[in-house]
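Scroll down for the structure; my scribbles are underneath it.
The values are calculated or read from the model by the stated rules, or taken from the named source; none is laboratory data. Since the model is a prediction, treat every value here as computed from it, not as a measurement. Positions of Cβ are backbone-derived with ideal geometry, glycine not excepted, and every protein chain shown enters the neighbour counts. SASA here: full protein model, heavy atoms, side chains in, ligands and nucleic acids out. Shrake-Rupley method; radii C 1.70, N 1.55, O 1.52, S 1.80 Å.
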Amino acid sequence: MFVVGGTASKTVAEDLSKRLHCPLISTAVKRFPDKELYVRILDDIKGEDVIIVQTTYPDSNIIELLLLQDAACEAGAETITVVIPYFGYGRQDKKFEEGEPISARVIAEHIGIHAHKIVTVDPHKEHVLTFFKIPAVSCSAISELAKYLKKKETIDLVLAPDAGALDRTKRIAKRLGCDYDYMEKKRIDGTTVEIKPKTLDVQNKKAVIVDDIISTGGTMAKSIKELKKQGAKEIAVACTHGLFVGNAKELLVTAGCDEIISTDTVRSEFSKVKVTPAIMRTLGVDYPKK
Ligand code: R5P
């Protein structure tokens, strides 16, 4: 078995190759003068099982993944498993308004063309896995995030920024042996989120707010401010996929955030938790050859 790391997921691929004791394949990735992408697999992978690791965010990494998959196929790989640490476009998993595409399905269908199996981490909604039309499984970084939080000082409360994220929160709280709750969120538009306060006993408590994605930081910042108003002593935020778009970091810090924690599905200065152990557990699943 060989591992190929796309530009977006070099560190996850390296980690995976070390833990699986499989060689990491050399690749060349460059841009033509007109900025079109060029990729080349430099090692012989004929007849081999290949794992390609690439986060599909931002857009250019989707193109790189599709080119790497085609290159692996052309080079005669026996099977191609695509590990997608962060599945970008996962949030547009249905038509919210007439005239919209189902973006997650479009991306999934294209990735599914040259792949035998997909593994992704904490997709926004599990049903996006059905869009791939090939065996697709997800794993969760919850255990890894919980392990990180457990090593820190005692956490009194785990909170979800909305009811939709409650299950994730419940699972972390169970591992930490503490209480959990959620806050009510109303999305006004793409960048504005309104948090309707819920009665939470956070007075003098150390809380961690957990979500699958931090993008602009707006959702978390609103929750932090609300909890501060209610007397929380310390507040950390944790997520699987930390995009930290624009001034997200400043937004969180200004709101009163004491610590920002993310995994390495999208590399940032807050990637304190590795997702590879979660991916490894899932790679053990058998899958049929195409
Ligand atoms: C949306 O439903 C997700 O679970 C996150 O709550 C959302 O993506 C966070 O976005 P932002 O950081 O821009 O508020």
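When 270, 96 are compared by accessible area at a 1.4 angstrom probe, the order from most to least is 96, 270. Rounded to the nearest 10 degrees, the inclination of helix 103-112 to the longest alpha-carbon principal axis of the chain is 30 degrees.
Consider a paramagnetic label point 7 Å from the Cα of residue 49 along Cα→Cβ; state which residues of the stretch 111-128 have an amide N under 18 Å from it. What the label zone holds, given the 18 Å backbone N cut-off, is 115-120.
Does the stretch 1-55 come out rounded, prolate or oblate by the C-alpha gyration tensor, with a ≥ b ≥ c the root eigenvalues, rounded set by a/c under 1.5 and, if not, prolate when a/b is larger than b/c and oblate if not? Walk me through the intermediate numbers first.
Values: a/c = 2.99, a/b = 1.62, b/c = 1.85.
Here the stretch 1-55 falls in the oblate category.
Remark: spin-label model distance residue 247-residue 163 equals 3.4 nm, labels positioned 7 Å along the Cα→Cβ axis. Maximal additional length on extending the residue 110-residue 189 stretch stands at 25.5 nm, based on 0.36 nm per residue less the C-alpha distance.
Starting from the Cα gyration tensor of the chain, take the square roots of the eigenvalues, sort them a ≥ b ≥ c, and report rounded, prolate or oblate (rounded when a/c is under 1.5, otherwise prolate if a/b is larger than b/c, else oblate). It is prolate, given that a/c is not under 1.5 and a/b is the larger ratio.
Applying 1/(1 + (r/R0)^6) with R0 = 41 Å to the Cβ-Cβ distance of residue 10 and residue 229 gives a FRET efficiency near 0.50. Give the accessible surface of the chain per residue, rounded to a whole number of Å², with probe radius 1.4 Å and ligands, DNA and RNA excluded. It amounts to 48 Å² per residue over the chain. Computed over the alpha-carbon atoms, the stretch 20-173 gives an Rg to Rh ratio of 1.04, Rh here being the Kirkwood radius from the mean inverse distance. For the chain, the longest principal axis of the alpha carbon atoms and the long axis of helix 59-74 meet at an angle near 30°.
So which aspartates and glutamates can residue 30 reach, going by Cα to Cα under 12 Å and dropping same-chain residues fewer than 8 places off? Straight-line reach from residue 30, under 12 Å: 64.
Exposure check, 1.4 Å probe, all protein chains in place: residue 89 carries approximately 90 Å² of accessible surface. In a fully extended conformation the segment linking residue 204 and residue 150 would gain 17.5 nm over its present Cα-Cα distance, using 0.36 nm per residue.
At the residue level, residue 24 shows approximately 70 square angstrom of accessible surface with a 1.4 angstrom probe and all protein chains present. The GluC sites (Glu not before Pro) found in the stretch 121-160 that occupy coil by DSSP, while having at most 10 further C-beta atoms within 10 Å, are 153. Of the cross-linked pairs 18/150; 35/222; 147/225, those separated by over 31 Å at the C-alpha level are 35/222.
Restricting the stretch 1-107 to trypsin sites (Lys or Arg not before Pro) that sit in a DSSP loop and have at most 14 other Cβ atoms within 10 Å of their own Cβ leaves 35, 46, 94, 95.
List the GluC sites (Glu not before Pro) in the stretch 49-101 that DSSP assigns to loop (not H, G, I, E or B) and whose Cβ has at most 15 other Cβ atoms within 10 Å. Which are they?
Details: sites: 64, 74, 78, 97, 98; in loops: 78, 97, 98.
Here the sparse-neighbourhood loop sites are 78, 97, 98.
Round to the nearest 10 and give me the degree value, 0 to 90, for the angle of helix 10-20's Cα axis relative to the longest principal axis of the chain. So the helix axis and the longest Cα principal axis differ by about 70 degrees. Per residue, the average separation of C-alpha pairs within less than 8 Å and at least 6 apart gives the chain a relative contact order of 14 percent.
In whole percent, and with a 1.4 Å probe on the protein chains, what portion of the accessible area of the stretch 125-284 is carbon and sulfur?
Numbers: 3650 of 7370 Å².
It is 50 percent, rounded to a whole number.
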